[in-house]
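Undergrad: Here it is, the structure in full.
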Amino acid sequence: MGYIWDLLANIGCLFLFINLLLFSLKFKDNGKAYKIFTVYLLVVLAVQLPSFFLKSLQINNLFLSHFYFLGQFIFLSLFYKSLFTNVLQKKIINIGFICCFIILGIQYSLDTSLVFKFNLFEIFLTSFLLIVYSVFHFYNMLSDKKEFYYINIGIMLYLFGSTILFFVGNLTALMSAEMSKITWVTNALLYVVYQLFIVFEWYKSFSKKTIQLGK
């Protein structure tokens, strides 16, 4: 099972690298949302590479998970804010951004040991807010252009699925190590699917034409 997880994790990282290269090709030709999403891909890759390196040396790399989830939250929040034209939706993102960091700041100040652990509350809070923004974007696309449609589907599926898996995995780890491994393998598979949605978005929306997206 560990071999399958390693294989899927490496495939996901490879697709992430490919997506970063593809989006970088037309970085200058597209709008703010496109640029923010490209930087998001860069940040995620910059976290994953040292994480894999530390894992190969059997060194605890859980502290890097905070950079991953918080970096993901920051850049995807900015990504959605650049897409939204509704003033209320933009304010909700601003409020969510501030509240998230205040709450997590209080949590970490009360228990500094969480820095070296997997923080399930951090995962839930950041993922929940991003899922809300994703739902907003689906709603907006009912009467507006379908910008980043496939990426939005990928974000929704990946965040919703992985959040459930992390909580289930935390419970099953207490009962069965094998069940915990299945959870991690499934999450790695979800990540590969997410990256495939990103590839498909680039192919459909950006490979053959230049579109100014985002405000």
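Undergrad: Tell me whether segment 102-116 contains one or more residues that are among the hydroxyl-bearing types (S, T, Y) and either on the phi > 0 side of the Ramachandran plot or at pLDDT 95 or above (or both).
TA: Looking through segment 102-116, at least one residue is among the hydroxyl-bearing types (S, T, Y) and either on the phi > 0 side of the Ramachandran plot or at pLDDT 95 or above (or both).
Undergrad: What's the number of the condition F23 fails, among (1) open to solvent by 20 Å² or more (accessible area, probe 1.4 Å); (2) touching a residue at least 40 places away in the same chain (Cβ under 8 Å); (3) farther than 28 Å from I103 by Cα?
TA: Checking F23 against (1) open to solvent by 20 Å² or more (accessible area, probe 1.4 Å); (2) touching a residue at least 40 places away in the same chain (Cβ under 8 Å); (3) farther than 28 Å from I103 by Cα, the one that fails is (1).
Undergrad: Something else: Any idea which residue in segment 104-115 is nearest to I74 (Cα to Cα), counting only those that are surrounded by 13 or more Cβ atoms within 10 Å (Cβ to Cβ) and either free of Cβ contacts under 8 Å to residues at least 12 places away in the same chain or not polar (S, T, N, Q) (or both)?
TA: It comes out as L104.
Undergrad: For segment 116-127, enumerate the residues that are open to solvent by less than 40 Å² (accessible area, probe 1.4 Å) and assigned to a helix (DSSP H, G or I). First the steps, then the outcome.
TA: So the first thing to find is which residues in segment 116-127 are open to solvent by less than 40 Å² (accessible area, probe 1.4 Å), and the list is 119-120, 122-123, 125-127.
Passing the criteria: L120, E122, I123, L125, T126, S127.
Undergrad: Further question on the same structure: List every residue pair whose Cβ atoms sit under 9 Å apart, with the two residues 6 or more apart in sequence or on different chains, where the first one lies in segment 56-70 and is among the hydroxyl-bearing types (S, T, Y) and the second, anywhere, is open to solvent by 70 Å² or more (accessible area, probe 1.4 Å) and at pLDDT below 95.
TA: S65/K117
Undergrad: What are the pairs, 6+ residues apart or on separate chains, where a residue within segment 138-155 that is free of Cβ contacts under 8 Å to residues at least 12 places away in the same chain has its Cβ under 8 Å from a residue that is not polar (S, T, N, Q)?
TA: If the second residue must be not polar (S, T, N, Q), the pairs left are M141/E147; M141/Y149.
Undergrad: Looking only at residues that are open to solvent by less than 70 Å² (accessible area, probe 1.4 Å) and aliphatic (A, V, I, L, M) in segment 86-102, which one is farthest from G161 (Cα to Cα)?
TA: I92
Undergrad: For L83, all conditions in the list (1) crowded, with 16+ Cβ neighbours inside 10 Å; (2) closer than 24 Å to L104 by Cβ hold save one; what is the number of the exception?
TA: Going through (1) crowded, with 16+ Cβ neighbours inside 10 Å; (2) closer than 24 Å to L104 by Cβ one by one, L83 breaks only (2).
Undergrad: While we're here: Test L130 against the criterion of being open to solvent by 20 Å² or more (accessible area, probe 1.4 Å) and hydrophobic (A, V, I, L, M, F, W, C), and give yes or no. Please lay out each step first, then the result.
TA: Values: open to solvent by 20 Å² or more (accessible area, probe 1.4 Å): no; hydrophobic (A, V, I, L, M, F, W, C): yes.
When the stated conditions are applied, L130 does not pass them.
The values are calculated or read from the model by the stated rules, or taken from the named source; none is laboratory data. None of the values given here were measured: they were computed from a predicted structure. Cβ coordinates were reconstructed from backbone atoms using ideal geometry, including for glycine residues, and neighbour counts include every protein chain displayed. Accessible surface areas use protein heavy atoms only, side chains included; no ligands, DNA or RNA. Shrake-Rupley method; radii C 1.70, N 1.55, O 1.52, S 1.80 Å.
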